[in-house]
Each structure stands twice: as C-alpha cells, then as structure tokens.
Amino acid sequence: MATQMHEKKKLHFIIVGGSLGGLAAGLALKAIGHDTTILERNPTPVLEEQGAGIVAGGDTLQFFKKYNRCDRPIAVTSHRRQYLDRDGNVVHKEDMEQNMTSWDLAYFLMRANYDGINSEHCKAPSPEATDGMAIHLHDHNVTEIKEDGQGVRVFWKTSRGEEGSIVGDIIIGADGPSSTVRKLLQPGVERAYAGYCALRGTIREDSISEATRETFSERFTFFHCRGVQILAYLIPGRNGSVDRGQRLINFVYYTNFPEGSPELEEIMTDKHGKRRLITMPPGMTDPNAWEKQRQVARERLPQPFAEIVCGTKTPFVQAVTDVISPTNEYLNGKVVLIGDSLAGFRPHTVASTSQAAFDAMIFADYIEGKVSKEKWKKETMGFARYIQKRGVDMGNRSQHEDLPLEEHIHDRNVASTPREKEVYPDWATAI
Ligand SMILES: Cc1cc2nc3c(=O)[nH]c(=O)nc-3n(C[C@H](O)[C@H](O)[C@H](O)COP(=O)(O)OP(=O)(O)OC[C@H]3O[C@@H](n4cnc5c(N)ncnc54)[C@H](O)[C@@H]3O)c2cc1C
C-alpha cells in the first residue's frame, strides 16, 4: 500500500493547505527527494499575516534546525516565567528559557526554504541538488478526493470559478482545524466551541510606558482571575526584527463568552455586521464591541496588561474550539492528516506548531523507512490525543473553575514537559 513503500521510489505528495503544517510536510518530504505540490485555497500568493506570536517548542526548534538554511535569528528568548497579582506585583517567578517567534516569521522562513520565496524577512537559500520538486499553488480550494488507480485524485476550484484535478501517490491533509480532507473522510467529526474566546493583539515595545516595557521585557508573564487568563511575551517585530525597540509584545487574553450569549454575538460580529464563526481577523473588530472589552480590561486586569490590551491597534479574536480525528490515516494510507486537521489543540498547550512540525518530521522518517509504521502511528496519535485532552482540561480548569494560583502554575509547568519525556497512556496510543 502507498505508505508501506519504503523502497527508494520517488513519490508525489499532494499537500492540502499551505500554512505551517503543509509547509513543514513539504520541506521534510522534498528534503528526502520526493516531489510535493501544495494546494492552498487562499487567493493570494502568500498568506496574510496576523502578526501574532508562537511559543516555539522543542519540535518547532528542531524542525528549523534541521530544515532552515536562512541565516537569521528566528526567535526572541524569554528568560523567566512570572505571575502578577491584580495590583501588578510579581507573586511568583521561575527562571526558564523559552523561545518566542511570530507566525509570519515562521511562515516566511518556511516559504524561503520550501519554494524559494524572498521576503523582507529572509532571502531564500539556493536549492539542494537532491531536493524533490516543490510546487506551491495558491487559490486552489480542495473540494473532493477520490481513489485513482494506485494513487488519489484531488479536485480543486479557484476563486475565479476554474476547476481541475491532480493525482498524487499520497495526499496530506494539512488544512487546519476545519479540514475539508477530514470532513470528506470522517464526516462525523465536528469542531466544538469551548465557551470562551482568545482576544489577541500585539503592540510595539517602544510605544508603551517604560514601567510596562520593563514588566514584559524578555519575560513570559501571566495573570489569572475567575473566568480570565491573560499572558504576554515578546516576539520578533516588523520583518522579523529581533532588535530592541522593534520587537512586539504579544498578548493572549482568554475570557468567557457563553455559547448563544449576546456578548459572544457582539464580539464575533465584525464592523460591517457580518457574524464571524471562529476568527475575527485583525482590523475587522467592531470598534464599539472592542471599546467595551477595553473598559472590562481596565476593570479586571493589572495595569501593565490593561495598558497593552487597550493600546493595541488591530486586535483580533479567536473562538477557542476542540476537534480531534479518531485516526490520522485513511484509504489504506493514501491519505494522511497532520497538524491542526488531525487535532486542533487549545492554545494553552502551546503545542499546535510543534505538533505540525513533529507530524511532518516523523512522517518523513516513516516514508524513508527510518521508523516503523507502528511507531509513526503511535507517536503521532499519542501526541494528538494526549495533548488535545490536556488542552481541554487546562482550559476548563482555568476558565470555569476558581483555582488557587499554584494550580495554574502546576498546569502550565506540566504543559512544558518536553515531548520526549511525555508518557502517553494506553488510550492515547491505541491504534
Ligand atoms: C493565516 C494564518 C495565521 C495564523 N496565525 C497564527 C498566530 O499568529 N499564532 C498562532 O499561534 N497560530 C496562528 N495560526 C495557526 C497555526 O498556523 C496553527 O495552529 C499551527 O501552526 C498548525 O498549522 P496547520 O498548518 O496544521 O493549520 P492552519 O494554520 O490552520 O492552516 C491550514 C491551511 O489550510 C488551508 N486550507 C483550509 N482548507 C483548505 C482547502 N479546502 N483547500 C486548500 N487549502 C485549505 C488554510 O487556508 C490554511 O492556510 C495561523 C494560521 C493561519 C492560516
């Protein structure tokens, strides 16, 4: 069967979705000489950045170490985790190195290395002679997949109404938490709202008061109170700059908006009156709805957090959701899910990008014959199921229970366990 072929035959992988998961798979597979075609539905040649932050976990760092040939810094290091009380005093701190990057820097680094896209972030390295083909097609919305002889045919449509199809040996669904590939093969799996949203944004570190800049400088900072959790960290700024003064403070502010409530309708209805289902993009928030949130932030948050929330110019909102597929493999291995299409984690896990990077790396190892099929499946499904459940538990405890600070600290420290040290229970690795 398709994914049991470990002989050196050159395969053609069709990758659905050209965000971090799809690019990670493309990079890992072309590096071992296979051909790859990415189909991305977005009508523009590069994805539009939200400019927000990513905590670069172990697998993300390992991925860049292995596949990134652009010579530039990829992250800002945070040296300490700290918790504030309502008055802004540090009530708990721990020394801990963590690497924070931005979604757009990660994206442009991957594009430079995958299909040679030059940007203000980085210049593309010259291709390696042993690389497989790397094609990126934007404005290709995948609508259907069908088995076709030894391979699979993928059908797409463009925004101008053109239609076509392409055949590959193996299809990789890297099309995110609302995955079309997953819906076609596993229609019963639904994405469910978790009862709260993440209000997100960034602000340049040189545009805030000195005291607030000092609070957040190279520290990962948190505040908890009933139904609220906010965290902030520094990320690279414009064009990925990590220079002092150019960096951005990135915040994620979780707050409860019960399903069906007028508050949820208000925050998810954009400035033109359109109800957004899951993401309110930057620049689209209704100014009146956001003004209310700024007022609430001033009442509930310690001053440094209130300052950055109120100061952000282009906030965006993400409804927190849960989704997981029962398996990562369909049509006898001819279709494989990776990243958010396999399991959409709650952001508290800080593991979504690491999952995408890990899934891509171990899949390439499996295709190359370096790991067995059993190991590939157990490791991938173990990570997906165990971390997805951890995110649900963490989020529910944080948003819907009234816990002492020690419990939040404990949950967060558990979430920082390196993947290699995780011990997955049997239910997570059952295949
Ligand atoms: C534009 C964008 C900005 C993001 N910004 C941040 C951020 O700032 N911070 C953060 O923590 N996370 C961000 N994320 C999410 C983050 O990329 C993921 O959580 C994680 O990296 C796993 O990525 P993924 O590739 O599996 O899924 P996703 O990043 O969700 O990507 C899925 C991709 O598939 C494409 N797609 C979906 N359906 C189809 C279809 N039918 N045919 C073709 N293509 C399809 C989508 O357009 C998207 O590009 C962002 C995602 C996107 C798409």
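The values are calculated or read from the model by the stated rules, or taken from the named source; none is laboratory data. Given the structure is predicted, the values throughout are model-derived calculations rather than measurements. We place every Cβ from the backbone using ideal geometry, glycine too, and count neighbours over all the protein chains shown.
Look at (1) assigned to a strand (DSSP E or B); (2) farther than 30 Å from residue 242 by Cβ; (3) more than 10 Å from the ligand (Cβ to nearest atom) and you find that residue 132 fails only one, number (1).
Specify the residue that is modelled with the highest pLDDT; the eligible residues are those in region 1-26 that are surrounded by 19 or more Cβ atoms within 10 Å (Cβ to Cβ) and more than 16 Å from the ligand (Cβ to nearest atom). Show your work before the answer.
Taking region 1-26 as the starting set, the residues that turn out to be surrounded by 19 or more Cβ atoms within 10 Å (Cβ to Cβ) are 2-3, 11, 13-26.
Within this subset, residues satisfying the condition of being more than 16 Å from the ligand (Cβ to nearest atom) are 2-3, 11.
Details: 2: 47, 3: 46, 11: 98.
Selected residue: 11.
Report yes if residue 285 is modelled with pLDDT under 95 and in the same structural domain as residue 214 (by TED's automatic domain parsing), otherwise no. Steps first, please.
Values: modelled with pLDDT under 95: no; in the same structural domain as residue 214 (by TED's automatic domain parsing): yes.
No; evaluated as a whole, the condition is false for this residue.
With 195, 161 as the choices, which residue is away from the ligand (no atom under 15 Å from the Cβ), at pLDDT 95 or above and under 21 Å from the mean Cα position of the chain (by Cα)? Give the steps one after another, and end with the answer.
Values: 161 fails: under 21 Å from the mean Cα position of the chain (by Cα).
Going through 195, 161 in turn, just one is away from the ligand (no atom under 15 Å from the Cβ), at pLDDT 95 or above and under 21 Å from the mean Cα position of the chain (by Cα): 195.
Can you run down the residue pairs with Cβ atoms below 8 Å, 6 or more apart or on separate chains, where the first is in region 336-355 and at positive phi and the partner is within 7 Å of the ligand (Cβ to nearest atom) and hydrophobic (A, V, I, L, M, F, W, C)? Going by the 8 Å Cβ cut-off, the qualifying pairs are 339/20; 339/174; 339/356. Name the single residue, out of those in region 27-55 being within 13 Å of residue 107 (Cα to Cα) and more than 7 Å from the ligand (Cβ to nearest atom), that is surrounded by the most Cβ atoms within 10 Å (Cβ to Cβ). Per the stated criteria, the residue is 27. Of the residues making up region 245-294, those that are surrounded by 12 or more Cβ atoms within 10 Å (Cβ to Cβ), part of a helix (DSSP H, G or I) and either aliphatic (A, V, I, L, M) or in contact with a Lys or Arg (Cβ under 8 Å, 6 or more places away or on another chain) (or both) are 264, 265, 266, 267, 289. Region 10-85 holds strands (runs of 3 or more DSSP E) entirely within its bounds, and those carrying 1 or more residues that are hydroxyl-bearing (Ser, Thr, Tyr) and over 30 Å from residue 408 (Cα atoms) map to 35-39. All of 169, 206 fail the test of being among the acidic types (Asp, Glu) and not assigned by TED's automatic domain parsing to the domain that holds residue 258, apart from 169. Among the candidates 205, 218, the residue that is out of contact with any helix residue (DSSP H, G or I) (no Cβ under 8 Å at 6 or more places or on another chain) and away from the ligand (no atom under 16 Å from the Cβ) is uniquely 218. Just one of the listed residues (77, 60) is away from the ligand (no atom under 16 Å from the Cβ) and not basic (Lys, Arg), namely 77.
When 173, 188 are checked against the criterion of being without any contact (Cβ under 8 Å) to a residue 12 or more places away in the chain and under 27 Å from residue 333 (Cα atoms), 188 stands alone in meeting it.
A count restricted to region 360-414 and to residues that are within 29 Å of residue 94 (Cβ to Cβ) and among the β-branched types (Val, Ile, Thr) stands at 4. Every listed requirement among (1) of a type in the set (Ser, Thr, Tyr); (2) more than 21 Å from the chain's Cα centre (by Cα); (3) away from the ligand (no atom under 16 Å from the Cβ) is met by residue 327 save one, (2).
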